[in-house]
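To start, the structure itself, in structure tokens.
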Amino acid sequence: MKLNLDRWSVSLSCVAVAGLLAGCASGVQNPRGVSVTEMKADERGFVAGTGVESQDLVRVADKMARGIVGIPQVVRAQGTPRVVLDPVVNETRFPINKDIFLTRIRAQLNSQSAGKVVFLARDRMTALERERDLKRSGQVTSGSDPNVVEFKGADFFLTGKLSSLTTRSSKGVSDYILYTFQLIDARTSDIIWEGFEEIKKQGLEDAVYR
Amino acid sequence: MSNLLPTRRNGDVLSLRNAALKQSKALAPLAMWLPVVMLVFSTGCATYSEGPAASTAAVSGSAPQAPRRDAVLWSYRNAALALRAGRFDQAKAELDDAIARLGGILGPNKDAASARRLFNEEAKKNFIGEPYERVMAYFYRGILYWMDGEPDNARACFRTGQLLDSDAENKTYAGDWALLDYLDGLASMKLAADGSDALARAQSHTRATALPAYVPRANVLFFVEFGNGPLKYASGQFREQLRFREGTSSVKSAVIKVAGQTLPAPSYDDVYFQATTRGGRVMDHILAGKAQFKGATDAVGDAAIVSGAILGVTQQGRRSNADEIGAGLLLFGLASKLISGATNPTADTRCWENLPGHLSFAAAELPPGQHTATAEFLNAAGTPHRVKTLTFTVQPGRDTVVFVSDH
């Protein structure tokens, strides 16, 4: 039998083989992994969601710190105002480390405001009281009379609230977060300063997850 | 070949044996190409296994190794096991890892795109679970946040959980987890905010048993789960349809007895109900399209092979173009069959199978100090099927969270 493998069979075979090669080849993305990429904290990374991220933290904390050092009660204060941090209230749908905003604001003010405000370490009171008691009992030395109360009271409370609005539809998810921070006069309960920042993000996941 | 009918050629009826012989000769060109095609097929379609590249047992060290695409699934499973064993730190780590991956799925994703391709099964995507599974991850994490004295972060988890259920195709059942809204409102009340709207929403979602009113002074919160959660399976001609099977359990409700108080803990949320009332997924349409393509290419392949074989047999030796067309049709048919065979519309049935079937909640006001409670898991007749004893310490000035499971 003479086999006449002309254009029909050859071309069809090529199509079949090409189709199989194209369709079946299963590649691996980044088979060697991705090396660690150092990014700036205020930079949007390639891993992103619609929640609170480092660039939001930096942006919000920067704005709040600048706002606090500019208020008259701080600029023209007689003596250095002492501030206590009161935990932020999270009303969003994102669980967060609530202390991180106030920590960032405090660190920025401490490093850049040249002593215009002083923060009280109320979160360290247990250790401070233990040290004071050791001094009082004579177990450790003391540079001053340990029986005199020297723990300072707060002039202001710095606190904040994170609120959010979320929309989800077939077109994706949208999250708006309102960051508000307040400086409250500890004596009068006056809110002497309030700053806010708002950030909205939206995105849509791949169809295989919908 | 035994089913071949006698073939008529040039007015003669060939015997079955002769007909088969002629057909095999007609298939000779195909037979010559077949090894090459099959070799390409077998190498091109070789499934890549990522192997144990990623360990989900970072915390426990005892959980099995899993491929990267199953990492979230194993985190889910390990978290549930850890939670029930009282290893709360491990449960937190597992859930935090899973939730971080859940939050990063927005936008283009190569693994997800790969799962949409004709020749890849849906299970090629990185598993994050169906919405009910994602909701449960947030629910568990919320319990752990509350346990750590962070009711606002717990509320955040409950809110996200409800949101994940809100884009259901069937809007009647969108965002209808009763307990998530109830706990959202309770956390708000604990944080001196207004939880009445959330409570009203929760009440509207209840099906069998109404939720109790909030007790502002209640400082011990019992999060109760019982029964077995839904399991997934695939149905349809090509297993392209995702289905759920209800978990079976004799336990239908629970009762907590502590300090002379009897706290009913009926089912407020049915996980199987939540899994099955969302309507179709977008992915279901993609899989249906794949299945349709698979069926069509298979039918076309059958038709081409039969036509080619007939042409090859009937025109053999006549030196006509029909002889060559027959061979071409055979090859085309084979290619079509191969493509059909390679098309994979199989639905992803990876499942968080150690979920509970039902969720419940109870709250009590207890004085600070150590307490012992009894959790009775009741069958349909109200008879205790299983009894557990719980010992916990109530701290002053904060909520005490007790996780109760019949698993």
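Within segment B:101-141, the set of residues being in a helix (DSSP H, G or I) and farther than 21 Å from B:GLN162 by Cα comprises B:LYS110, B:ASP111, B:ALA112, B:ALA113, B:SER114, B:ALA115, B:ARG116, B:GLU122, B:ALA123, B:LYS124. Checking each residue in segment B:276-289 for being within 12 Å of chain A (Cβ to nearest Cβ) and either modelled with pLDDT of 90 or more or touching a strand residue (DSSP E or B) at 6+ places or on another chain (Cβ under 6 Å) (or both) picks out B:LEU287, B:GLY289.
If you check A:VAL69 against the conditions, is it more than 30 Å from B:ALA112 (Cβ to Cβ), of a type in the set (A, V, I, L, M, F, W, C), over 17 Å from the mean Cα position of the chain (by Cα) and at pLDDT 90 or above?
Numbers: more than 30 Å from B:ALA112 (Cβ to Cβ): yes; of a type in the set (A, V, I, L, M, F, W, C): yes; over 17 Å from the mean Cα position of the chain (by Cα): yes; at pLDDT 90 or above: no.
Against the criterion (more than 30 Å from B:ALA112 (Cβ to Cβ), of a type in the set (A, V, I, L, M, F, W, C), over 17 Å from the mean Cα position of the chain (by Cα) and at pLDDT 90 or above), A:VAL69 does not qualify.
On the basis of being in a strand (DSSP E or B) and of a type outside the set (Phe, Trp, Tyr), does A:LYS152 make the cut?
Details: in a strand (DSSP E or B): no; of a type outside the set (Phe, Trp, Tyr): yes.
Criteria not met by A:LYS152.
For segment B:361-380, the condition holds for at least one residue, the condition being that it is free of Cβ contacts under 8 Å to residues at least 40 places away in the same chain and polar (S, T, N, Q). When B:ASN153 is tested against (1) within 14 Å of another protein chain (Cβ to nearest Cβ); (2) crowded, with 22+ Cβ neighbours inside 10 Å; (3) in contact (Cβ under 8 Å) with a residue 24 or more places away in the chain; (4) farther than 30 Å from B:ALA291 by Cα, only condition (3) is not met. Anything in segment B:364-384 that is assigned to a strand (DSSP E or B) and surrounded by fewer than 18 Cβ atoms within 10 Å (Cβ to Cβ)? List them, or say none. B:GLY369, B:GLN370, B:THR372, B:THR374, B:PRO384 - these are the residues of segment B:364-384 that are assigned to a strand (DSSP E or B) and surrounded by fewer than 18 Cβ atoms within 10 Å (Cβ to Cβ). A single member of B:GLY333, B:GLY357 is at pLDDT 95 or above and over 30 Å from B:GLN395 (Cβ atoms), and it is B:GLY357.
Answer yes or no as to whether A:SER163 is at the interface with another protein chain (Cβ under 9 Å from one of its Cβ atoms), surrounded by fewer than 16 Cβ atoms within 10 Å (Cβ to Cβ) and either of a type in the set (D, E, K, R) or in contact (Cβ under 8 Å) with a residue 12 or more places away in the chain (or both). First the steps, then the outcome.
Working: at the interface with another protein chain (Cβ under 9 Å from one of its Cβ atoms): no; surrounded by fewer than 16 Cβ atoms within 10 Å (Cβ to Cβ): yes; either of a type in the set (D, E, K, R) or in contact (Cβ under 8 Å) with a residue 12 or more places away in the chain (or both): yes.
No; evaluated as a whole, the condition is false for this residue.
Using the structure shown, decide if B:VAL313 is more than 11 Å from chain A (Cβ to nearest Cβ) and either under 31 Å from the mean Cα position of the chain (by Cα) or without any contact (Cβ under 8 Å) to a residue 40 or more places away in the chain (or both). No. Residues in segment A:181-210 that are part of a helix (DSSP H, G or I) and either more than 14 Å from chain B (Cβ to nearest Cβ) or surrounded by 17 or more Cβ atoms within 10 Å (Cβ to Cβ) (or both): A:VAL208, A:TYR209. Just so you know, in segment B:161-184 the residues that are touching a Ser or Thr at 6+ places or on another chain (Cβ under 7 Å) and of a type outside the set (A, V, I, L, M) include one that is nearest to the other protein chains (Cβ to nearest Cβ), and it is B:ASP167. Selection of segment B:290-348 for residues being surrounded by 16 or more Cβ atoms within 10 Å (Cβ to Cβ) and of a type in the set (D, E, K, R) yields B:LYS290, B:LYS294, B:ASP298, B:ASP323, B:GLU324, B:LYS337, B:ASP348.
Contact map, segment B:320-331: residues that are facing another protein chain (nearest Cβ under 7 Å) paired with residues that are among the acidic types (Asp, Glu), Cβ distance under 6 Å, separation 6+ or inter-chain. Pairs shown: B:GLU324/A:ASP6. Filter segment B:107-147 down to the residues that are among the charged types (D, E, K, R) and without any contact (Cβ under 8 Å) to a residue 40 or more places away in the chain, then identify the one that is farthest from the other protein chains (Cβ to nearest Cβ). Here the residue is B:ARG134.
The values are calculated or read from the model by the stated rules, or taken from the named source; none is laboratory data. Please read all numbers here as calculations on a predicted model, not as lab measurements. All Cβ positions, glycine included, derive from the backbone under ideal geometry; neighbour counts span all protein chains shown.
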